[in-house]
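Scroll down for the structure; my scribbles are underneath it.
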Amino acid sequence: MIHMIQGKHPYFVLYTKSTAYCFRVMETGHLEHLYYGRKITISDRKSAEALREKHVFAPGNTNIYDREYASFSLEDVCLEMSSYGKGDIREPFVEVVHGDGSSTSDFLFENAEIAKGKEEYQTLPGSYDETGQVEHLSVFLRDRQYDLCLELHYYVYEECNVITRSARLRNKSGENIKLLRLMSMQIDFDRPDYVFTAFHGAWAREMKRTDTRMLAGKHVNASYTGTSSNRANPFVMLSREGISEDYGDCYGFNLVYSGNHYEAVEVSGYGKTRIVTGINPQSFCYVLKPGEDFETPEAVMTYSHQGMNGMSQNMHQFVREHIVRGTWKHKVRPVLLNSWEAAYFDINERKLLNLAKAGRDVGIELFVMDDGWFGTREDDTQALGDWQVNEKKLPGGIEGLSRKIKALGLDFGIWVEPEMVNVKSRLYESHPEWVLQIPGKPHSEGRNQRILDLTRKEVQDYIIEEMSRVFSSGEISYVKWDMNRTFTDYYSGGLKAECQGETAHRYVTGLYRCMKILTERFPDILFEGCSAGGSRFDLGILCYFPQIWASDDTDAVCRAEIQTGYSYGYPMSAVGAHVSACPNHQTLRTTPLETRFHVACFGICGYECNFCDMKKEELEAVKTQIALYKTWREVLQTGSFYRGRTFGDKGTSGSCLMMSDGNITEWTCVSQDKRKAVGLILQKLTAPNTSYGYYQAKGLDAEIKYHFYNRPLKYNVKGFGDLVNSVSPVHIKQDSLAHNLVAKFVKLEGETEDCYVYGDTLMYSGVKLKQAFGGTGYNQEVRYFPDFASRIYFMEGE
């Protein structure tokens, strides 16, 4: 048997299927990082020696560790972990204030252990392995001056090409210490000029990819919102300039954590690049008493030489198999209808049942009652925290409504926001001390609500028991767990003054306790995370909830960019995506109904519109969409997702509107056996006299012959405006009775794509599509492709 972890002192080598990770114990006892990247052979000490950096004299104006080792400075060494006080002045891995007030730390190697399997963390979620084949390297370091022990843990997921890391600090001294920082991961690369890719945004515009070339200095991607945040997701990448989706070295990093996170990349004066990831040290201060320890969140890292798609495939497989768990891990997710954009707070049983019936008639499987069902909840200023049913709205309560929904043949779901409270609520009146706020000081609110203090066990217990009562009050199959504001006052009345720096982290561990207990009590409920859309889209939440609402923005064009952003680090099976009404409620943009469906169906597809007000023609279209989705959803929900062209890509034609440039989003989702696939092209804006178009697949089997075809559609003649008069024997005025009558009975046939072609052709050449409308004529051989138009294509192996 070949072990994934090989430890022959002083060298340690960690192998996955396609990568290698190597470090050594230096003569001083520090850990020198040697290599992380494409799999190489390190068979013995001599081959490992080639990876060592050679030092004879330390650089000028640096500090040596001690006189016995005067040939180098720790500032100019690639390290596996670092601290201040012994010469390294770069971004540290750990910062401690000791009992004597000093902040120098010096952690040196003591011993290491190699084992199999993965134990659960004490306070945090983490990855898991059902096979017991994961190998675990534990490296034990000790600060001999202050009697502190630092453990570095490495877990190797061979098939996913993923290595995870975490750390634990144990206080074995006789004094309290203040932990100001403990990262989860550090890697030092021996060269500069990496591109640091992060994903930034705000409410309704999450996951905007930004690339920063790192030649010198430091760049930080971090959250201080109390959540992983829509401002800066914890997933980041490192690559080289010129990398593509399919070629080039790409590293991906993520954190299994839902609170304030921190990812920093620094290029030193000696051209070395360091990346650290972990809990944000801003305002963090954790008091460790003698005998206590602190564990960090788990960091996830992967590498691929096959570009960003190759890296994403590793991450997707890892999240599906080793993060998501429980009943819904591999179970097909239902098509849902959510009441929010159809009714907002103005709900009652009659409205909800009418909406559910309309949903049933078009193929909906799950009906979700969103906000507004409890207490005096007429708007967002009141009743949050009072989880008693408003019987004026729901005379039969949740039990009665859920029974009626089930009688329609639908499953029933519900919305909750357990972590929050309005000041205007019975809960706040009874327990004002249960809120994160500074006593006697003014508090800055978000969305008219305050945050319950989950550092307190009694508050956690209240949430657990109150939600258990709600979830047991009817036939509930689905729960949308929301969290709609960010933190302001990081202050808990349950903690001493010297421990207030622990508030943010203790909140997150308290939240995890609530989620863990509730998901274990209700294992068959499908939970979907939400936090003002994508403000808490992270691996920590995915350890409990198999899917997360990606954004409150349901505009198809925005969503295409948002979902593309998520796809770099997360599988589309984790992304909640809905078809909504137009003009869109967030952008006022009008996009084709088919485009809205095409974008949503590549995530976990649902609907969020008022079917009761829809035209018959639109309802028929939705019915057809849902039937089509059910036919292909196993491919779309469990298949491998690949990016092709994306909005913003640079082209060579000189026109930002040309189809080969950043005007197109192109996706492919391929079944696990590679015998079926679904492809998408979506255009942002039309360019005049640009008829050429193609679709290029990815991830197929090159030797399989596929039937490539589209879904023929018919188009409303009103989409051609005045041009109808070029073929009409009589003049038709736009929006006249005659125009509407013609549009009702006359539909224009769309183009048909139908060919048999091998996978190699689909991937390496692509299919040349029927020409798009270019202003010179239209028939059924021409692709109707205006602004925001899209197509999905199907591939089935013979």
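The values are calculated or read from the model by the stated rules, or taken from the named source; none is laboratory data. Source: prediction; values computed, not measured. Neighbour counts run over all protein chains shown; Cβ positions are idealised from the backbone, glycine included. Accessible surface areas use protein heavy atoms only, side chains included; no ligands, DNA or RNA. Shrake-Rupley method; radii C 1.70, N 1.55, O 1.52, S 1.80 Å.
Remark: VAL195 falls outside the filter, which requires a residue to be part of a strand (DSSP E or B), surrounded by fewer than 17 Cβ atoms within 10 Å (Cβ to Cβ) and among the hydrophobic types (A, V, I, L, M, F, W, C).
Here SER671 fulfils each of the conditions (1) crowded, with 16+ Cβ neighbours inside 10 Å; (2) at pLDDT below 90; (3) not charged (D, E, K, R) apart from (2).
Of the residues screened, GLY440 is not one that is outside any loop (DSSP other than H, G, I, E, B) and not basic (Lys, Arg).
Can you tell me which residue within the stretch 111-150, out of those that are within 29 Å of the chain's Cα centre (by Cα) and among the hydrophobic types (A, V, I, L, M, F, W, C), is farthest from SER184 (Cα to Cα)? It comes out as VAL134. Listed by first and then second residue, the pairs with beta-carbon distance under 7 Å, at least 6 apart or on different chains, first residue in the stretch 237-263 and of a type in the set (Lys, Arg), second part of a loop (DSSP other than H, G, I, E, B), are ARG240/ASP249. Exactly one residue out of GLY359, GLY385 is crowded, with 22+ Cβ neighbours inside 10 Å, out of contact with any Pro (no Cβ under 7 Å at 6 or more places or on another chain), within 28 Å of CYS582 (Cβ to Cβ) and at pLDDT 95 or above, and it is GLY359. In contact with a Gly (Cβ under 6 Å, 6 or more places away or on another chain), of a type outside the set (Phe, Trp, Tyr) and buried (at least 19 other Cβ atoms within 10 Å of the Cβ): is that true of VAL368 in this structure? Considered against the rule, which asks whether it is in contact with a Gly (Cβ under 6 Å, 6 or more places away or on another chain), of a type outside the set (Phe, Trp, Tyr) and buried (at least 19 other Cβ atoms within 10 Å of the Cβ), VAL368 comes out as yes. The condition of being part of a loop (DSSP other than H, G, I, E, B), modelled with pLDDT under 95 and of a type outside the set (Asp, Glu) holds for only one of ILE89, ILE42, that being ILE42. For beta carbons closer than 9 Å, sequence separation of 6+ or different chains, a first residue in the stretch 579-596 that is part of a loop (DSSP other than H, G, I, E, B) and open to solvent by less than 40 Å² (accessible area, probe 1.4 Å) and a second that is charged (D, E, K, R) and at pLDDT below 95, there are no qualifying pairs. Scanning the stretch 697-716 for residues that are open to solvent by 50 Å² or more (accessible area, probe 1.4 Å) and closer than 19 Å to GLY644 by Cβ turns up just one, ASP701. Candidates are the residues of the stretch 133-150 that are in contact with a strand residue (DSSP E or B) (Cβ under 6 Å, 6 or more places away or on another chain) and farther than 25 Å from THR509 by Cβ; the one that is most open to solvent (accessible area, probe 1.4 Å) is ARG142. When GLY326, GLY396, GLY400 are screened for being in contact with a Ser or Thr (Cβ under 8 Å, 6 or more places away or on another chain) and not aromatic (Phe, Trp, Tyr), only GLY326 passes.
Residue-wise test of (1) touching a Lys or Arg at 6+ places or on another chain (Cβ under 7 Å); (2) touching a residue at least 40 places away in the same chain (Cβ under 8 Å); (3) crowded, with 17+ Cβ neighbours inside 10 Å.
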| position | (1), (2), (3) |
| --- | --- |
| TRP415 | yes, yes, yes |
| ASN448 | no, yes, no |
| LEU452 | no, yes, yes |
| GLU498 | no, yes, no |
| CYS514 | no, yes, yes |
| LEU518 | no, yes, yes |
| GLY529 | yes, yes, yes |
